[in-house]
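This report concerns only the one structure given below.
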Protein chains: 2
Amino acid sequence: MSRHRACEKSKGRKGLVPRVVIVGSVALDTIRTPFDRKKDVLGGSLTYAALASSRFAATGAVGVVGTDFPARWTGLLAKAGVDIRGLARRQGRTFRWSGVYQKDMINRRTLATELNVFADFRPDLPADYRRAPFFLIGNISPALQLRVLEQAPAARFVAADTMNLWINTDRRRLVKLISQTDTLMLNDEEARLLTGRHNLAACAEALLAMGPSYLVIKKGEHGAMLFSRRGIFLAPAYPVGEVRDPTGAGDTFAGAFIGALAASGRVSDAAVRDALIWGSVVASFSVENFGADSLARVRWERIVSRRRELLRMMKV
Amino acid sequence: MSRHRACEKSKGRKGLVPRVVIVGSVALDTIRTPFDRKKDVLGGSLTYAALASSRFAATGAVGVVGTDFPARWTGLLAKAGVDIRGLARRQGRTFRWSGVYQKDMINRRTLATELNVFADFRPDLPADYRRAPFFLIGNISPALQLRVLEQAPAARFVAADTMNLWINTDRRRLVKLISQTDTLMLNDEEARLLTGRHNLAACAEALLAMGPSYLVIKKGEHGAMLFSRRGIFLAPAYPVGEVRDPTGAGDTFAGAFIGALAASGRVSDAAVRDALIWGSVVASFSVENFGADSLARVRWERIVSRRRELLRMMKV
């Protein structure tokens, strides 16, 4: 049982328009850690983020899979409450990624990337999705991210992620995209690469000057920092006892953030802080197991209880 | 004006017994960063920690300097309220350390270590000091740390630091020391080296099993984690805008922690959490300038105001 289903019961469904639309990749990941190895597990930024967001708010997914994509995974997404009308199925193989984690379970090396059907991905939003208020646009090329925004002129709140590839190859369009987002989410290394500064407070100043109201710098196991003109919020990561697979943690964090924010019904500094805590909590479950599907199996009560625990760990 | 002076006025001085005794090194540091270079600045774990602790509680310093130690530094310590009767002056040169920081201002390489008079350091506590309730024992050899404890059988609260050298060369005595401390303070790498585990929650379990009531794992710019049987506290670091010299930040953190705890008059989970926040705040000032002497120049009002700011950054 997730929070938004309880909310919907009282408010009633408003047609088919999702509260949140998430755009990103769907992948089959092959992952090696010092302790384990798994082949073709359910992965991709869209998958992790949508399974996290759908815990809080009706979420539409925009992505592409190949003809080899297992029906049980589309079934799992649908059963988890993710609206998959925006998930295109194309002739060919699904995007595949494989990587190996070092002993620190943080640094990783990519062994292979097969874009397959993802190479020709052009996000086209179903008509209903275009009226959604909250958007999370994962790290596809800035050109495609801008294409999403063009289809959603009435979006109330847009969060976007990026990665080093686009910072290095298409900075011009990336800067244009950033100027049109409400929240830019990236990790510490990307913030440094994009601004040419090392100190994160200095990075934040430069990035907020590009236009977004909020900047979230993700620091993995060290949590995240929120910067805005109203100040700084230090969101800790929940200290997980055993990390089995860190893949997708940042996407889960972003997905739970946008979902919780959409569910809160307001965009304020307090609501954004609260949503980031939900992000930390749900992300902590994603690293405990391989595959995004493990997220769908976490009971809502455990999420609520871990949030309470994390808040106690922050209390002076 | 520091907090404890205000307190003392109302309580009255209790003889010459300090509330806190700190044992550690006094050094003259030569430091190179990508941006600057300074020769023979005031350094050493004792110096940073005592200047931080003395902001909160009457603090006695136990260490050794050479005949070349500048009188203006002993003058500065005394003027800052540090009781320097435990600071021995020996024939020879003061301990010298030099190092160079990488661009990240975190990783550093030691260029030279000249132990000089510190090589023969034997901590001998003045009679009054032996009745002090709070002790912070910096990272000297475990044999010497145990020697301090033998001289303070009535200590109410003992915090101790260590380093990789002792973990590798004298684990047996280090484990004995840890079993006799109330709070073990070390950094994440040391916690991993000492336990042979990577995950910090797993390290914490192993370290608490050695006997201390509290474990503080210092993570530099990522803050600190407090572990105890009562749970976890995540103490963030204050996000400093410009780091000029990170040397001594961990010692400053530990010094402000023990001083604030001693000033609070109680040892409880809440008091320990509060003291760690004071640690983060005072440490943030130490990285803004070269040399421990810069700590003495920070006005108390700025410390109080930055603490308020940090608490706002933690508020959900």
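The values are calculated or read from the model by the stated rules, or taken from the named source; none is laboratory data. Since the structure is predicted, the reported quantities are computational estimates derived from the model, not experimental observations. Note that each Cβ is placed from the backbone with ideal geometry, even for glycine, and that neighbours are counted across all protein chains shown.
Here are a few things to note about the model shown:
- Here residue B:316 meets each of (1) touching a residue at least 24 places away in the same chain (Cβ under 8 Å); (2) aliphatic (A, V, I, L, M); (3) surrounded by fewer than 24 Cβ atoms within 10 Å (Cβ to Cβ) with one exception, condition (1).
- Any pair with Cβ under 7 angstrom, 6 or more apart, that starts in the range A:243-258 at a residue that is within 14 Å of another protein chain (Cβ to nearest Cβ) and within 16 Å of residue A:42 (Cα to Cα) and ends at one that is aliphatic (A, V, I, L, M) and buried (at least 24 other Cβ atoms within 10 Å of the Cβ): A:245/A:31
- The listed residues are B:274, B:269, and the only one of them that is free of Cβ contacts under 8 Å to residues at least 24 places away in the same chain and touching a Ser or Thr at 6+ places or on another chain (Cβ under 8 Å) turns out to be B:274.
- Flag if residue B:176 is on the phi < 0 side of the Ramachandran plot, of a type in the set (Lys, Arg) and within 14 Å of chain A (Cβ to nearest Cβ): no
- Taking the range A:180-199 as the range and being buried (at least 22 other Cβ atoms within 10 Å of the Cβ) and within 14 Å of chain B (Cβ to nearest Cβ) as the test, only A:191 passes.
Rundown of residues vs (1) more than 21 Å from residue B:93 (Cβ to Cβ); (2) assigned to a helix (DSSP H, G or I), yes/no style:
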{"position": "B:22", "(1), (2)": "yes, no"}
{"position": "B:31", "(1), (2)": "no, no"}
{"position": "B:46", "(1), (2)": "no, yes"}
{"position": "B:52", "(1), (2)": "yes, yes"}
{"position": "B:60", "(1), (2)": "yes, no"}
{"position": "B:64", "(1), (2)": "no, no"}
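- In the range A:206-226, the residues that are without any contact (Cβ under 8 Å) to a residue 40 or more places away in the chain and more than 9 Å from chain B (Cβ to nearest Cβ): A:206, A:207, A:208, A:209, A:210, A:211, A:212, A:213, A:215, A:217, A:218
- For the range A:18-35, a residue qualifies if it is modelled with pLDDT of 95 or more and hydrophobic (A, V, I, L, M, F, W, C), and the qualifying residues are A:20, A:21, A:22, A:23, A:26, A:27, A:28, A:31.
- Within the range B:227-241, considering residues that are in contact with a Lys or Arg (Cβ under 8 Å, 6 or more places away or on another chain) and within 7 Å of chain A (Cβ to nearest Cβ), the one nearest to residue A:314 (Cα to Cα): B:233
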